[in-house]
Amino acid sequence: MQGFNWSRDYPLQKQNTKGSQPTTLRFSFELDDSEVSRFYEATGLRNNGMLPIELKLSRASVSLGIVKPGRGAASHKAKAREIAKFVSDNVSFVSIPAIRTGRQAQSLVNDLARIRLQTVARSEEYQRLAAEINGLRRSAVSEIAEELTQSVKQYLPSVDAIEIETIDISASDAVADLVIDDGTSTSIDSKGDGIKSLVSMALLHQLASERSGQQNIILAVDEPEAHLHSASVHELQSLFTEMSRSQQVILATHNPIFVNREKVRSNILVRANDAKPAQNVDQIRQAIGVQLHDNLSSAEKILLVEGLTDESSLPFLLEAVDPGWRELVTSGRVVLKATKGVGKLRSHVQREKSTLCQIFVVVDGDAPGKQQAAALIDEKLLPSRNVFALSDGLRKQSELEDLVLPSVYLDKISATFGREFTESHFKDRSRKWADNFEAAATMLGIIVTATTLEDAKRTVADAVRNADPSELVRKEAKPSLGVLSGLIRGAVSSDAVMG
């Protein structure tokens, strides 16, 4: 274990207690097929893909155990040293403290260099040269040891010999310093805290792509948000999410941005010297002191939609294809929020991450909606599974209003504008609903202003809320709404099972 200091790390109130127990750390490594094969080559032991290890850290000793149940327990225990070496050779532990010092950045670069050098170190040429260099170093140092022995014997005749142990060339640092030229070429030690943190973030980007050969990484970061601008924090959160798909990432933070909303139990709450997986989002909010408005206090999911009419209509459309769906909204478990413009989606997603709710985005299936949705995914602000584009099943580009049967709103929209709108006005499949409405309004002599389309959409939303659910949605649009309903229901049900 790197850096364990009993007097510093063991709970102070228990240090003077008689019979104090050691600190026990349990790791469970999941081995793929190639790792199982290499494990057998290194230890001579068969493995089913799971390798549970237990470390016990006492005041004056460290012990390693293999927690392997069944008949293989004894053989695994006997090969503890070989197993420890196998883990050491195949796993790199990278720790980044809250205070980003120049030395810490240099250490991280050394970690990266060692990972990159793993492949080189396995080559016969490297091993031959390393053995030759180590031999030359030992030879030179042994001469010093012999001379020192003779000198010491003059004062301590009882001394038989002195040995000086050298550091293996493979274990020595590969990097002496990290020099940054940002107008002035200086060591990172001379740069400000902000630059040190940003350099650490850049190094993490490099680390994310460094899984060289068979090397695995356990990354532990304390207060990743320290000294970073809010925009950089969001980028870092996306990076950690990406890294966690292939490597173990451990974050210690009070920042709600880094809460895993997709898998609530992966958030470990440390309270009163006790660490346990979170059971629900509310526990996390209480632990880190997140204060919410009443309409979000019990929310588990937030659906960001483009406009106010989408916010009011969508629950009724989903209820029409999935009876009981609106109960998720009325109970407060799911909250719909309008961004009041598709171009504002990005800023709303960043803001809503502080609520700890799982965020879904629902956009119209038109060019602007799809473009903004793709940007959210490309910038890794949200996973693609949490972004949904509505479709009426008929058009290449469609809006929420295209999902509604015209018979639902024709009378009301005709009354609003004093003209008779008919179903034929909305049949052109080459155009989305807004374009069809504008063409019809122009033909009917309506002066189209900036608020005309807004009034029309509001009229449709009012009609949707008062319509018979069985006569509300176009037949072709029902599959799209059904998929969206299942997506949200599935996420809520998953939380309920985990809780």
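The values are calculated or read from the model by the stated rules, or taken from the named source; none is laboratory data. The structure presented is a predicted model; accordingly, all values stated were derived computationally and were not measured. In this analysis, Cβ positions are derived from the backbone assuming ideal geometry, glycine residues included, and neighbour counts consider all displayed protein chains. Calculation scope for accessible area: heavy atoms of the full protein, side chains included, ligands and nucleic acids excluded. Shrake-Rupley method; radii C 1.70, N 1.55, O 1.52, S 1.80 Å.
Per-structure values
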{"item": "Filter pass, ARG116 being open to solvent by 100 Å² or more (accessible area, probe 1.4 Å) and at pLDDT 75 or above", "result": "no"}
{"item": "Residues satisfying the stated conditions in the stretch 424-476, i.e. loosely packed, with under 13 Cβ neighbours inside 10 Å and within 19 Å of GLN397 (Cβ to Cβ)", "result": "LYS427, SER430"}
{"item": "Selection status of GLY289, open to solvent by less than 30 Å² (accessible area, probe 1.4 Å), of a type outside the set (A, V, I, L, M, F, W, C) and either out of contact with any Gly (no Cβ under 9 Å at 6 or more places or on another chain) or at pLDDT below 90 (or both)", "result": "no"}
{"item": "Output for the stretch 265-289, where each listed residue is among the charged types (D, E, K, R), more than 14 Å from THR253 (Cα to Cα) and free of Cβ contacts under 8 Å to residues at least 24 places away in the same chain", "result": "ASP274, LYS276, ASP282"}
{"item": "Filter result (over 9 Å from ILE302 (Cβ atoms) and not charged (D, E, K, R)) within the stretch 335-347", "result": "ALA338, THR339, GLY341, VAL342, GLY343, LEU345, SER347"}
{"item": "Long-range neighbours under 9 Å by Cβ, at least six apart or interchain, first residue assigned to a strand (DSSP E or B) within the stretch 50-62, second of a type in the set (Gly, Ala, Ser) and open to solvent by 60 Å² or more (accessible area, probe 1.4 Å)", "result": "MET50/SER28; LEU51/SER28; PRO52/SER28; ILE53/SER28"}
{"item": "Count of residues meeting criterion [touching a Phe, Trp or Tyr at 6+ places or on another chain (Cβ under 6 Å) and crowded, with 17+ Cβ neighbours inside 10 Å] in the stretch 402-416", "result": "4"}
{"item": "Strands (runs of 3 or more DSSP E) within the stretch 329-401 that include 3 or more residues without any contact (Cβ under 8 Å) to a residue 60 or more places away in the chain and buried (at least 16 other Cβ atoms within 10 Å of the Cβ)", "result": "334-338"}
{"item": "Any hit, the stretch 431-442, residues being more than 32 Å from the chain's Cα centre (by Cα), charged (D, E, K, R) and closer than 30 Å to LYS301 by Cβ", "result": "yes"}
{"item": "Set ARG38, ARG26, ARG8: member being part of a helix (DSSP H, G or I) and either open to solvent by less than 40 Å² (accessible area, probe 1.4 Å) or in contact (Cβ under 8 Å) with a residue 40 or more places away in the chain (or both)", "result": "ARG38"}
{"item": "Among the candidates ILE144, ILE162, residue that is assigned to a loop (DSSP other than H, G, I, E, B), modelled with pLDDT of 70 or more and open to solvent by 40 Å² or more (accessible area, probe 1.4 Å)", "result": "ILE162"}
{"item": "Whichever residue in the stretch 313-328 is assigned to a helix (DSSP H, G or I) and open to solvent by 30 Å² or more (accessible area, probe 1.4 Å) and, among such residues, is farthest from ALA456 (Cα to Cα)", "result": "GLU327"}
{"item": "Within the stretch 303-317, considering residues that are out of contact with any Ser or Thr (no Cβ under 8 Å at 6 or more places or on another chain) and among the aliphatic types (A, V, I, L, M), the one farthest from TYR409 (Cα to Cα)", "result": "LEU303"}
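Matching residues to (1) modelled with pLDDT of 70 or more; (2) not hydroxyl-bearing (Ser, Thr, Tyr):
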{"site": "SER170", "(1), (2)": "no, no"}
{"site": "LEU198", "(1), (2)": "no, yes"}
{"site": "HIS205", "(1), (2)": "no, yes"}
{"site": "PRO224", "(1), (2)": "yes, yes"}
{"site": "HIS227", "(1), (2)": "no, yes"}
{"site": "GLU242", "(1), (2)": "yes, yes"}
